[in-house]
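What follows is one structure encoded as structure tokens, with my remarks underneath.
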Amino acid sequence: MWRKRWVRLAALAAAIPTVVLCFVATYYYIRFAHLIDARLHGERETVFPRILARPLELRRGQSLTERQLIDRLNDLGYTHREQLEKPGEFTIGGGAVTINPRAPQLKQKIVRVVFQPPTPAVKTAARTRTPPRTPDRVLRLEVGARPSERLMLDAPVLTALNAGEREKRRPVALTAIPQRVQQAVLATEDRRFYEHPGVDPIGILGAALSNLRGKRTYTAGGSTITQQVARNVFLPKMFPGMTLKDAREKSWRRKILEAWVSLIITVRASKDEILEMYLNDLTLGQRGSFGIVGVAEASRLFFGKDVTNVTLAEAATIAGVFQSPSALSPFTNPARCKEKRNVVLQAMVDAGYIDKDLADRAAHEPLVVVQRALEAEAPYFVDFVQQTLADQYPGLTTTTTQAVDVYTTLDLHVQRLAQDAVRDGLVHVDELLPKRKRGKAEAALIALDPRTGEILAFVGGRSYNQSQYDRAVLSRRQPGSVFKPFVFLTAFEEALKSGRTDVTPASITNDEQETFQFDDQVWTPENYEHEYDGPITFRRALAHSRNLGTIHVAQSAGYDNVAALWKRLGVGNAPKPYPSIALGVFEATPLEIATAYTLFPNGGAIRPLRQILQITSGGKDVTKKATGELRRVARPDTTFLVTNMMRSVLNEGTAASARSMGFTLDAAGKTGTTNDLRDAWFVGFTPELLTAVWVGFDDNQPVGLSGARAALPIWTQFMRTALAGRASVPFEVPEGITFMDIDAETGKLATPRCPKVMNEAFVTGTEPREVCELHR
């Protein structure tokens, strides 16, 4: 037949395109292989900058339940085991959690956290006994069988950063991803993954037949895991100008390109490397403004667990989301997500990974997700840190190829307590407020160590999922009555400057209504609930937040001097020296108010706040020198007078309800309520912890509640739990302070007949000399 001319022409016609196709295929193979090798190397070597919280601290007597400790260990990536085998694991039993820590200082030492003693089996009468209350304190700490008062574990990762992307991801090695997660994904996405060369002809044929027969309500696809990696990871990065949308375009040209790249990937990378990329790099939904990337992050944001601790049902849930993250989201479409989960479980049975009984038990489990898991990663604080990095370390996390770790001041356990307090407090506020058409009240909380300025907890709003607006940093509101302590501080400072000895906490101010005129304006302020006390001591005026009494103190000290003191603090807007300054009629953010209040526990010196402890790049410390040095603004003795006066706010004044709510430690603070009940504040502190809370509406409408009703319950719940198990620490008394017993009503030296005697503090030389005549 070869002698026939048409046969030779036909062979030539077939040979030419075959040779051309082989040439083109070889050319593109070489070109793509080079690009894929470079990309594979980049994917393997990519190190995402990390933001970490401070190491987890455990203390004897600490407010911590067993469930909370398990959550914290999940934050650290510890694995729950029946028996401890290696560092990074923990067991539960006998009223204790036993940990094999990774921290270098605890190497080869087993840590045991005891919550309750084992309850022996006791035979009783038929009468049912009331079950014991769940222990909420750490009763005992043991390190290597020896008792310990406190210890430090690892630093938990808050998030990994991806330059220019709003993503939450935690890349992990394939060996760290449990077999049940891998098998669930393989069973539903690519059962022959380890057998085909990147493209599965059998899968393509099966999908085509399934679509032709119409056996499915949706169109089946034949894409392998390798093809999905090519489509979602490689194509958009290999070809300039190609977007992810272009890479997912439904066209024969794109499909052929995807298949060819998949074949090359299979040649250039191992199957395990491809699967690891797939499990780490595909997007599995959205929470707030963040994309959820990878199974490790999904396990945290879906279930609040480290990926090593997910159950079979949870693994099947994550695997089911791969096909359509939006339509199968466990948050927005739980019914469809559960249905898909059960399909994945059956696929695992069909693939021989699990037996039918195990799948049936998992299929009957409820779908339980953690709605606020994103909040647990302190997203407002992470945004704040990222802005700091952009301002002070430009390019550090966006242009480097080295490992960058940002160690922050955040205490993740204290952060969770703050989030719980804000959530519970806003539920209480919602119950107090009538139904509104314009949304719900918001809140912000900042807690810090006033001795160092380190931020320990940071909440910027009710829900980051609903709003990423950070009220702690961006919301400028009137501070109202939380400004009053600075009025009294100015009065003491100015009196001593001029040599006066008659301005003390026992001095009398007039709490009577008056009209003030300034700049051709008339202003007639009122007290809250229109109550006026007449002549009262400075202490009582501050403790009960008397507006007129405070304005008269500011008038005597000089409005310009009050404004000058706030300006020296260097925070917020400079207020105008008008009578209204005494009532905090200017604007500041919660962060600025918290900064200003560091003046009091630091004896008249302000401590700038800090949120970053250390930054390492490539293993080297690149942290810039901290600017958080104490800056003297007022005298230690006058500052102590005001701090001591603010103790009465909690003990007998507007915040006395904190005592009835269970907060017993020595503390000082001030409630704040602005005009028309627009904003509610409380700022309070011990020598160890300072917390500022704001509650209000984003649209600046009145919240309709005082600081004592809206902000104080949040502060009290947080401080009570954050300081649980700690002894009360008194405020340090500086030199030059004298204490004397005075009559609380007149401010004069007390007699045996005075009904209420106060041991008042005075700057030495300013003590009262007159004896109380009212009760003689």
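The values are calculated or read from the model by the stated rules, or taken from the named source; none is laboratory data. What you see is a predicted model, and the numbers here were worked out from it, not measured in a lab. All Cβ positions, glycine included, derive from the backbone under ideal geometry; neighbour counts span all protein chains shown. Keep in mind that these areas ignore ligands, DNA and RNA; they rest on the heavy atoms of the full protein, side chains included. Shrake-Rupley method; radii C 1.70, N 1.55, O 1.52, S 1.80 Å.
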Residue among G584, G570, G558, G549 that is farther than 25 Å from L677 by Cβ and either touching a strand residue (DSSP E or B) at 6+ places or on another chain (Cβ under 8 Å) or surrounded by 16 or more Cβ atoms within 10 Å (Cβ to Cβ) (or both): G570
Lone unmet requirement of (1) of a type in the set (D, E, K, R); (2) open to solvent by less than 10 Å² (accessible area, probe 1.4 Å); (3) in a loop (DSSP other than H, G, I, E, B) for E365: (2)
Residues of region 506-542 that turn out to be more than 44 Å from the chain's Cα centre (by Cα) and assigned to a loop (DSSP other than H, G, I, E, B), as a count: 7
Near pairs, Cβ below 6 angstrom, 6+ apart or cross-chain, from region 613-624 (more than 10 Å from L52 (Cβ to Cβ)) to any residue that is in a strand (DSSP E or B) and β-branched (V, I, T): I615/V406; S617/V404; V622/I615; T623/I615
Pairs with Cβ under 7 Å, 6+ apart, first in region 1-30 and open to solvent by 100 Å² or more (accessible area, probe 1.4 Å), second in a helix (DSSP H, G or I) and modelled with pLDDT under 70: M1/V7; W2/R8
Single unsatisfied condition, A319 versus (1) farther than 26 Å from F48 by Cα; (2) in a helix (DSSP H, G or I): (1)
Among (1) under 17 Å from V422 (Cβ atoms); (2) surrounded by fewer than 21 Cβ atoms within 10 Å (Cβ to Cβ), the one test that I714 misses: (2)
Test: residue in region 473-495 that is surrounded by fewer than 22 Cβ atoms within 10 Å (Cβ to Cβ), touching a residue at least 40 places away in the same chain (Cβ under 8 Å), part of a loop (DSSP other than H, G, I, E, B) and aliphatic (A, V, I, L, M): no
P601 being outside any strand (DSSP E or B) and surrounded by fewer than 21 Cβ atoms within 10 Å (Cβ to Cβ): no
Selection count where residues are part of a helix (DSSP H, G or I) and either at pLDDT 70 or above or over 27 Å from N280 (Cα atoms) (or both), scope region 38-76: 10
Considering residues of region 319-341 that are buried (at least 24 other Cβ atoms within 10 Å of the Cβ) and touching a helix residue (DSSP H, G or I) at 6+ places or on another chain (Cβ under 6 Å) only, the residue nearest to R372 (Cα to Cα): P330
Condition met for K305 (within 25 Å of the chain's Cα centre (by Cα), modelled with pLDDT under 90 and in a loop (DSSP other than H, G, I, E, B)): yes
Pairs, first of a type in the set (S, T, Y) in region 630-655, second assigned to a helix (DSSP H, G or I), C-beta under 7 Å, six or more apart: T638/L489; T638/F492; T638/E493; T638/L496; T639/L489; S648/R539; S648/A543; T654/A708
Matching residues in region 604-635 - criterion: being small (G, A, S), at negative phi and either assigned to a strand (DSSP E or B) or out of contact with any helix residue (DSSP H, G or I) (no Cβ under 7 Å at 6 or more places or on another chain) (or both): A605, S617, A626, G628
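Here is a yes/no grid of residues against (1) touching a helix residue (DSSP H, G or I) at 6+ places or on another chain (Cβ under 8 Å); (2) aliphatic (A, V, I, L, M); (3) not in a strand (DSSP E or B):
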site: I265; (1), (2), (3): yes, yes, yes
site: E273; (1), (2), (3): yes, no, yes
site: N280; (1), (2), (3): yes, no, yes
site: Q286; (1), (2), (3): no, no, no
site: I292; (1), (2), (3): yes, yes, no
site: R300; (1), (2), (3): yes, no, yes
So V503, is it aliphatic (A, V, I, L, M), under 30 Å from E629 (Cα atoms) and not in a helix (DSSP H, G or I): no
Which numbered condition Q286 fails, given (1) of a type in the set (S, T, N, Q); (2) over 24 Å from A359 (Cβ atoms); (3) surrounded by 24 or more Cβ atoms within 10 Å (Cβ to Cβ): (3)
Qualifying position, being among the charged types (D, E, K, R) and under 26 Å from L417 (Cβ atoms), among D357, D383, D391: D383
Test: residue in region 677-684 that is open to solvent by less than 50 Å² (accessible area, probe 1.4 Å), aromatic (F, W, Y), at pLDDT 95 or above and in contact with a helix residue (DSSP H, G or I) (Cβ under 9 Å, 6 or more places away or on another chain): yes
Any hit, region 114-125, residues being open to solvent by less than 90 Å² (accessible area, probe 1.4 Å), at pLDDT 90 or above and not in a strand (DSSP E or B): no
Residues being in contact with a helix residue (DSSP H, G or I) (Cβ under 8 Å, 6 or more places away or on another chain) and open to solvent by 30 Å² or more (accessible area, probe 1.4 Å) - total across region 641-664: 8
Qualifying position, being assigned to a loop (DSSP other than H, G, I, E, B), of a type in the set (A, V, I, L, M, F, W, C), over 29 Å from the mean Cα position of the chain (by Cα) and under 25 Å from S498 (Cβ atoms), among A582, A574, A554: A574
Odd one out for T616, checked against (1) surrounded by fewer than 18 Cβ atoms within 10 Å (Cβ to Cβ); (2) more than 25 Å from I455 (Cβ to Cβ): (2)
Residue within region 505-523 that is open to solvent by less than 70 Å² (accessible area, probe 1.4 Å), in contact with a helix residue (DSSP H, G or I) (Cβ under 7 Å, 6 or more places away or on another chain) and over 16 Å from S556 (Cβ atoms) present: yes
Selection count where residues are free of Cβ contacts under 8 Å to residues at least 24 places away in the same chain, under 46 Å from the mean Cα position of the chain (by Cα) and either open to solvent by less than 30 Å² (accessible area, probe 1.4 Å) or over 24 Å from P636 (Cα atoms) (or both), scope region 735-765: 2
Options G453, G439, G460; residue that is on the phi > 0 side of the Ramachandran plot and surrounded by 20 or more Cβ atoms within 10 Å (Cβ to Cβ): G453
